[in-house]
Amino acid sequence: MQLGELDVNLKLRSYLAAAMVTVLACAPAMAQDAPKQGGTLVVSLPGGTPRSLNPAVQSGVATGFPGTQLFAAPLRYDEDWTPQPYLAKSWEISEDGLKVTLHLQENATFHDGEPITSEDVAFSVEVIKEHHPFKSMFEPVTSVDTPDEHTAVLNLAHPHPALMLAMSGQLMAIIPKHIYGDGQDPKSHPRNNQDVVGSGPFKLVEFKPGEHVVLERYEGYWEEGLPYLDRIVARIINDSSARAIALQNGEIQMATFENEPTILSRLQDAEGLNLTTDGYGGVGPIDWLAMNTTRGPLKDVKVRQAIAYAIDKNFILNALLRGTATEARTGIHPDSPLYNPDVNAYELDLDKANALLDEAGYPLEGGKRFELNIELPGFPGYKAQTEYVKAALAKVGIAVNVRSHPDFPSWAEKVGSMEFDLSFDSVYNWGDPVIGVNRTYLSSNIDKGIWSNTQGYSNERVDELLNTAATESDPEKRKALYKEFQEIVAEEVPIYVTNAVPMHTIYADKVGNPPMGIWASSSPYDKVYLKD
Amino acid sequence: MNLLRITTIRLFYAVILLMAVLLLNFTMMHLAPGDVADTIAQSMGGADEEVLAQIRTDYGLDQPFLVQLARYMGGVLSFDLGYSYYHNAPVTDLILQRLPATLLLVFTAQIFALLLGVVLGVISARKPNGILSHFVTFFALFGYSAPVFWTGILLLIAFSLKIQWFPVSGMRDVTISGGFWVHAVDVARHMVLPTLTLSSIFLALYSRLSRATMMETLGSDYVRTAKAKGLTQRQVVYKHALKNALSPVITLAGLQFSAVVSGAVLVETVFAWPGLGTLAFESILVRDTPTILGILFFSALMVIVGNLLTDFVLRLVDPRLRARA
C-alpha cells in the first residue's frame, strides 16, 4: 500500500523533473527564466583528493567531478534514464545489436584547439578497455571502425545493452590521442593531473592536491553559449562538519555525495540551503549486510532468512539513519528502472526467525544457538548498524562478536579473502547491472577480492538470468530477467539489503540547474548557473 | 670548536634516529593486514582481480619483505623517498608542496602559544591567588583537556558561522585577486582559527610552567636583593626574574615540538589546511606506505631541527650555558 504510493510519487517526481528539463531547455526563449551567464561556483570536491583527473584510467567519485568537467563522454543521461546526445550528436544500434555507430559533434575541439575525431574515440575505447578497472564495460568491443572523421563504429562480439550507460557520465571519457598516445603509460601519464587537455566544457586552471581543483570555462566548447559558469572552484574539505559550516555560511555553494545522517538532519532546516537525493541512481550506492554463504550455519538459507527476519529494517532507517535513506530490497538501486520492489521484504518477525532457526537444526540451548562474527568496516558509517545487529540477533539466540578494523585495508583483506561471517558494506551499481551488480552475484566471480562475490553465493538460475540479461537487447525482456533475478536473491539472501546510501546534493538557493541526472556530480556542469 | 663537535655528534645521532624511525615504521606498516592495492580499488569503486594483481606488480608489493625493505632503504640513502602509489607522484614532491603550509602553521602556533603563555604565566605569578590567575588557569586547562578537533569545530561555529569573521577552511581564497599584500592578508585571515586551535593545547603547559618557575624565582634571594636595591616591581619582574624563569619554558617548548607536529594532523584536517597533516591523514587512511614514511621522516627531521633550535635559543637566553660551552 505504502509502496504503491511511493511508486506513484516517484513517477510523478520524475515526470515533473522531465517537465522541468523541457522548460529549462526552452528557457533561453523566456527571458525572465533565462540562466545567467558568468560567475564562479564554489563547491566541495566529493571524495577528497582524486588520484587522477583522467576518468579513462581512474574511476570513483573523487575523479568523477573534475573528470566529467574536463572530459566529455559520447552520451549524457537525463532524470528518466533516457540517453541524450552529448559529444555524439546522434547514434544508432544495428538490428542484430552488434554495431553501435556514433556521429560526433562536428565542431567539437579539445582544449588545445585540435578537433575531436573518431580516431580519438577509437583510442579512448582502447585505453579504457586496457586500463579502466571496470572490465565488463568494453569487454565485448572487438574493434572500432573510423569510416570518416566524425563517425565511429563500435563492433561488438555479442549484443551489449550495458554499453549505453557505459558511454555516459565518467565511464567513457574521450581523451586526445595526440597527448596520451605518446607511448607513456596512460595510468601514470604526467598529463593526467597537470596541463590537462580535455574534451569537456571546462578546462583545468590548477590542481593542488589536498587543496582544490580550479576549472575555467572552455571558450571553444562546441555548444554555443555554454557553459554558463566562468569558473568552478572545487575545494577539498575532508572534515564533514567543516563542510557543513562552509555550506551554511556560504563559503561553498554546493556539496555532493553527502551522506552523514547527523549532518543531513542538521542542514535540513538551514536557511537558503536545499537538500535532495535525486541524481544518485546511476552511481547507485547501496548499504547491505553481506553473509558468507560458505561458512558454518550461514550455509543454510533458513539461517540467513532468520537473520533477515530478526533485523528491524525500520529501526535502521528511522532511528539509526534518521529517516535520511530510502529503503532498498535488492542489489539494484531503488532509483533504477530495473529495480523490483515486489520481493520478500522481511518485515520484523521474531517468531518466524526462531522457527526457521529451529527448522535448520540449531535449537536454543541455554539461551544460545550458535556464534557468528561480524566485521566492522574501517570506514565510517556502520558502527551503529553493526552494534544493532549484535543486539537484534541476540534476541533469537545468535551470539554475535563484533570485530572492528582500524582502516579500510585490514577490513578489505578479511572480507576480500572471505574470512568473515557477516559484515556491513556499501557497493555501487555504476550504471548498468552488468557493470556493478553481476560482480556480486555471479558464481564465476567468487573469491576475487573485495567487492567480488565474497559471499560465495552460487545459483545456476541466477548465473543464467544475469548472463542472458547481459546480451538481451529487448528492454522489456531484459527487465523481466532482472525481475526474476531479484526475486531469487531476495529469497536466498546471500546479502540482506537495507537501504540506498543516503547520498544527498546540498545546494544554495542561488545555484540553478544542480546536477539531477543519474550521475550526480559525475556529470558535466555546462548547464549549471548562478542566479543573481 | 666545542660547539662544532656537539653539533656533529648531534647530527650523527639524528641520522641514526631517522633510519631507526624508517625501519620501525616500514616493518609496522608491512605487518598490518591489507595494502594500498585495496584502497586503490576502493577509490575506483572496485576492481577486477587482475587489476589488483597488476597494481601489486607495478609497485613491487608482490616482492618479499626484505627485498622491499632493501629497495626502500637504498632509495632513502640516495635521497629518494620513493613514489607514492596512491597520489601518482614522487613523495619528495608531495611533501615539499605541503611543507611550507605546515611550517607556517606550526611555527606561528608555537610562537603564539609561547608568548601568550609566558605573559599569562607572569601575570598570574605576580598575584597567584588573584581572580585573573584563576581565570587564566581555568582557560588554560580547558584548552588543554578539550580534544583539538572539538575546539576547532567550536571555534568554527562561533567565528565562522555565528559571527562571520573568519573563513571556514583552506589556506587561501582562490577567487580573490590582487598583489602580495592582498594575498598575505587573506592567508592571515585563514590562519587565525587553526593557529588558535593548535596553540590551545600548549598554552596551558607554557602558562602553568612559567607561572610556577616565575613564582619560584620571585621568591629567590637575588630578587629580594634587587627589590632591596630599590628597583621598581616592573624592572624586577621583567629584567631580572623573567630571564631566569624562561629557560625551563623554552626547554619544554623544544620537547613539545613533536606534539605540535602531531597536533597539526588533527587541526589541519578540521580546517582543511593544505599541509603535511592533511597529507598524513589521507595517506594513513589509504595505506600509502612511501608517503607515510616520507612524512614521518620529515616530522622526525622537524623535531630534530626544533630541538637544535631550542638549544641555540637557550644559549642566547642563558649565559651560563654559553660559559659551559
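Remarks
- Taking a point 7 Å out from the Cα of A:Lys368 in the direction of its Cβ, the residues of the range A:291-315 whose backbone N falls within less than 18 Å of it are A:296-298.
- Size-normalised alpha-carbon gyration radius of chain B, reference 2.2 N^0.38 Å: 1.21
- Nearest-0.05 FRET efficiency for A:Ser443 and A:Arg322, computed from C-beta distance (R0 41 Å): 0.60
- Loop-resident chymotrypsin sites (Phe, Trp or Tyr not before Pro) (DSSP state other than H, G, I, E or B) in the range B:48-141 with no more than 14 further Cβ atoms inside 10 Å of their Cβ: B:Phe79.
- Those residues of the range A:128-169 whose amide nitrogen sits under 12 Å from the label point placed on A:Asp96, 7 Å along Cα→Cβ: A:156-159
- Compactness of the range A:379-532 was expressed as the Cα radius of gyration divided by 2.2 N^0.38 Å, which yields 1.29.
- Charge dipole (the protein assembly as shown, unit charges on Cβ, about Cα centre) - positive-most of A:His160, B:Phe139, A:Leu348: B:Phe139
- Placing a label point 7 Å from the Cα of A:Thr109 along the Cα-to-Cβ direction, the residues of the range A:161-193 with a backbone N closer than 18 Å are A:175-179.
- For the range A:23-174, projected area of the alpha-carbon convex hull averaged over all directions, nm²: 10.9 nm²
- Spherically averaged projected area of the convex hull of Cα atoms, chain A: 24.2 nm².
- Subtracting the Cα-Cα distance of B:Arg189 and B:Ala212 from 0.36 nm times their residue separation leaves 4.9 nm of extension gain.
- Entries in A:Lys299/A:Lys448; A:Lys135/A:Lys383; A:Lys395/A:Lys479; A:Lys352/A:Lys383; A:Lys36/A:Lys89 that, when Cα-Cα distance is taken, lie over 29 Å: A:Lys135/A:Lys383; A:Lys395/A:Lys479
- Quotient of Cα Rg and 2.2 N^0.38 Å for the range B:184-247, N being how many residues it contains: 1.61
- If the Kirkwood radius is taken over C-alpha pairs of the range A:437-499, then at 20 °C and 1.002 mPa s the Stokes-Einstein diffusion coefficient equals 178 µm²/s.
- Between B:Phe79 and B:Phe65, full extension at 0.36 nm per residue minus the direct alpha carbon distance yields a gain of 2.9 nm.
- Shape parameters for the range A:285-500, alpha-carbon atoms, Rg then Dmax in Å: 16.6, 56
- Label-to-label distance, A:Ser265 versus B:Leu301, with points set 7 angstrom from Cα along the beta-carbon direction: 4.8 nm.
- When +1 charges are put on Lys and Arg Cβ atoms and -1 charges on Asp and Glu Cβ atoms, the dipole computed for the range A:285-500 relative to its Cα centre reaches about 440 debye.
- Inter-site label distance for B:Glu50 and A:Ala480 at 7 Å from Cα along Cβ, in nm: 3.5 nm
- Over the range A:290-407, the Kirkwood radius and the radius of gyration, each from Cα atoms, give a ratio Rg/Rh of 0.97.
- Computed from the C-beta positions of A:Lys208 and B:Ile176 and an R0 of 22 Å, the FRET efficiency is 0.85 to the nearest 0.05.
- Across the range B:98-290, the volume of the C-alpha convex hull divided among the residues equals 149 Å³ per residue.
- Simple label model, 7 Å out from Cα along Cβ direction - B:Leu11 to B:Arg320, nm: 3.0 nm
Read-outs throughout are calculated quantities, based only on the coordinates presented, and are distinct from any laboratory measurement. The model shown is predicted, which means the values in this text are computed figures rather than measured ones. Cβ: placed from backbone, ideal geometry, glycine included. Neighbour counts: every protein chain shown.
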